[in-house]
Amino acid sequence: MGKFTVIPQDTFEGLQLDAGVILKRFNPAAPAVLDEDIVCATTGGINIKCSANYSDLGEDVDNCPNNMKELKHLDSWDTGISFTSLGTSKENIRLALGAADIDVETGAIKPRRDLNQTDFSDLWWVGDRADGGCVAVQLKNALSTAGFTLQTTKSGKGQVSVELTGHVSINDQDTMPMEFYSLDPEEVTAYSVSQKLINVASTFTGNSVAAAGEFEATLSVGANYSFVSVVVIMGDVDVTETAYDDSTHVVSIVSVTGDLEIIATAIYEGV
């Protein structure tokens with residue numbers, strides 16, 4: 001190998017892995033992914049674009065060379081995220097349509113003649129980095145601009161094409177509709193907490209906990225209800241035996257090292 005045929009020593013740390021996920025909400029200051037924030041399952045990967053549109057103010061000047069940097073003008077930015085969705089929930093269909101409403105009485109998703117400001121929403125794409133960090137992109141004031149297209153296949157899954165475009169707001173005209181984050185592992189300072197509770201209440205009402213921080217939640221049930229099962233998952237590992245006290249119904253973890261999921265069920269046993 002020649003002395004110039006080398007790659008940077010930090011190549012591995014900067015690699016972005018897998019397809020990532022589309023989210024309704026994400027906080028780069030405390031990175032965590034909650035199930036309820038995931039927009040949909042996708043297939044074929046995610047396409048993200050952010051391209052500048054320029055004009056050459058010297059283009060029609062006879063004695064001016066093309067692409068003179070002092071006469072280059074930045075007109076706008078084209079920003080967008082496109083993907084193929086496997087989700088056909090009411091909200092996913094509404095997102096793909098853009099200007100549409102969900103009828104609360106009939107459940108019908110109805111395209112609308114006029115565009116409302118509430119049709120725009122911020123969305124995120126977040127993907128893993130090889131070193132344990134993450135890459136995140138925020139698309140601001142996103143709106144579906146390619147409409148709804150459902151492709152079905154025999155013995156296969158229906159696929160919905162979604163193309164979201166970012167927009168500048170009249171109230172903040174200097175802020176472009178896309179922002180980027182590349183977070184080192186030490187900046188991933190929080191883990192998500194999700195609780196799937198059936199007839200069970202929890203004293204923990206947040207959705208994240210600091211990495212290496214302490215977690216505690218007391219579970220309770222109403223009169224004439226009894227616990228059936230409690231499962232505590234941390235980083236895809238069942239830690240119920242060490243994290244849950246079935247006499248006090250307290251979930252307690254001294255140092256959180258992964259996303260937490262608490263699954264608890266109780267049933268009514270009557271008088």
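The values are calculated or read from the model by the stated rules, or taken from the named source; none is laboratory data. Computed from a predicted structure; not experimentally measured. Positions of Cβ are generated from backbone atoms using ideal geometry, with glycine treated the same way; all protein chains shown enter the neighbour counts.
The rows are residues; the columns are (1) under 30 Å from residue 158 (Cβ atoms); (2) modelled with pLDDT of 95 or more; (3) out of contact with any Gly (no Cβ under 6 Å at 6 or more places or on another chain).
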| site | (1), (2), (3) |
| --- | --- |
| 35 | yes, no, yes |
| 42 | yes, yes, yes |
| 59 | no, no, yes |
| 81 | yes, yes, yes |
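Looking at 218, 203, 175 in this structure, which one is farther than 25 Å from residue 130 by Cα, touching a residue at least 12 places away in the same chain (Cβ under 8 Å), hydroxyl-bearing (Ser, Thr, Tyr) and touching a Lys or Arg at 6+ places or on another chain (Cβ under 8 Å)?
That would be 175, the only listed residue that is farther than 25 Å from residue 130 by Cα, touching a residue at least 12 places away in the same chain (Cβ under 8 Å), hydroxyl-bearing (Ser, Thr, Tyr) and touching a Lys or Arg at 6+ places or on another chain (Cβ under 8 Å).
What's the number of the condition residue 113 fails, among (1) farther than 30 Å from residue 184 by Cα; (2) basic (Lys, Arg); (3) surrounded by 12 or more Cβ atoms within 10 Å (Cβ to Cβ)?
(3) is the only condition that residue 113 fails.
Does at least one position in region 95-102 carry a residue that is assigned to a loop (DSSP other than H, G, I, E, B), more than 22 Å from residue 79 (Cβ to Cβ) and not hydroxyl-bearing (Ser, Thr, Tyr)?
Checking region 95-102: not a single residue is assigned to a loop (DSSP other than H, G, I, E, B), more than 22 Å from residue 79 (Cβ to Cβ) and not hydroxyl-bearing (Ser, Thr, Tyr).
Which condition from (1) part of a strand (DSSP E or B); (2) free of Cβ contacts under 8 Å to residues at least 12 places away in the same chain is the one that residue 139 breaks?
(2) is the only condition that residue 139 fails.
What's the number of the only condition in (1) farther than 26 Å from residue 188 by Cα; (2) surrounded by 12 or more Cβ atoms within 10 Å (Cβ to Cβ); (3) of a type in the set (Asp, Glu) that residue 13 fails to meet?
Every condition holds for residue 13 apart from (1).
Output the residues belonging to region 227-271 that are buried (at least 17 other Cβ atoms within 10 Å of the Cβ) and aromatic (Phe, Trp, Tyr).
The answer is 244, and nothing else.
Name the residues in region 56-75 that are surrounded by 12 or more Cβ atoms within 10 Å (Cβ to Cβ) and either in contact with a strand residue (DSSP E or B) (Cβ under 8 Å, 6 or more places away or on another chain) or not assigned by TED's automatic domain parsing to the domain that holds residue 169 (or both), would you?
56, 57, 68, 71, 72
Looking only at region 197-214, which residues are in a strand (DSSP E or B) and at pLDDT 95 or above?
Correct list: 197, 198, 201, 202.
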